[in-house]
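To start, the structure under review is shown below, and the notes come after it.
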Amino acid sequence: MTPPHKRSLGRPVQQPDALATSEQILRTASLLFMEKGYKSVSMNEVAEQCGITKASVYYYYPTKQDLFVASVATTLARVNGRIRKLLVEPGTFRERLLQITINYLRIPRVHMDEMFRSIQHHLSGEQQETLIRHENDLYETLREGFAQAAESGEIICSDPNLVAHLYVSMLRVGERQYADKNKLFPSAEQAAEAIVNFLWRGIHN
């Protein structure tokens, strides 16, 4: 029999007015992974940042790999949703592209490609496919944006898929940070302006 005022182990209690525990864990883990990299983040650190027990983190995400995949997939989906909203806002395509670029570069992050490579051999085939699918969804959203701008005559673009990939590569240059913590650009706004200006010279009508 369970003693009075105690509960058996199981699903952690969720506060009705608080962020759902699983979502809180994902948001916290996403920021930590992007700011510090996969190897530097521990499950205990995630628990401490969330103000919960490590057991609660393990309840929702049995391994660090599970937590990483879920948090990155959630982040990519959130970024993708934001890009879709910005693409349909009023203004020219160049103005919308500039806002997309600024939003992306404001996200604190380490180089995601390097992080993926460092842990790829630790992930299952299904986990790798999950990340690839979310990344491809992001490219597809950008491809659709460039294709629609070409159809409306705002840009000249015979291969929207190629331009989408080139654009993302340029975003990675914009977030470049050197070992001494210095950045290629002093601010996200200046980096965004330089990236869009450079790209625009090749696709403007």
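Some observations on this one:
- Residues located in the stretch 9-41, provided they are under 11 Å from F68 (Cα atoms), part of a loop (DSSP other than H, G, I, E, B) and either hydrophobic (A, V, I, L, M, F, W, C) or at pLDDT 90 or above (or both): V41
- Qualifying positions in the stretch 87-116 - of a type in the set (K, R) and at pLDDT below 75: R109
- Residue check for S56: over 30 Å from E151 (Cβ atoms), at pLDDT 90 or above, touching a Pro at 6+ places or on another chain (Cβ under 7 Å) and of a type in the set (S, T, N, Q): yes
- The one condition from (1) closer than 25 Å to E140 by Cβ; (2) more than 18 Å from the chain's Cα centre (by Cα) that N103 does not meet is (2).
- Criterion: within 21 Å of the chain's Cα centre (by Cα) and either buried (at least 18 other Cβ atoms within 10 Å of the Cβ) or at pLDDT below 95 (or both) - qualifying residue of R78, R84: R78
- Any hit, the stretch 126-145, residues being of a type in the set (A, V, I, L, M, F, W, C) and more than 22 Å from A73 (Cα to Cα): no
The values are calculated or read from the model by the stated rules, or taken from the named source; none is laboratory data. Just so we're clear, the structure is a prediction, and the values are computed from it rather than from any experiment. Glycine also receives a Cβ, built like all others from the backbone with ideal geometry; neighbour counts cover every protein chain displayed.
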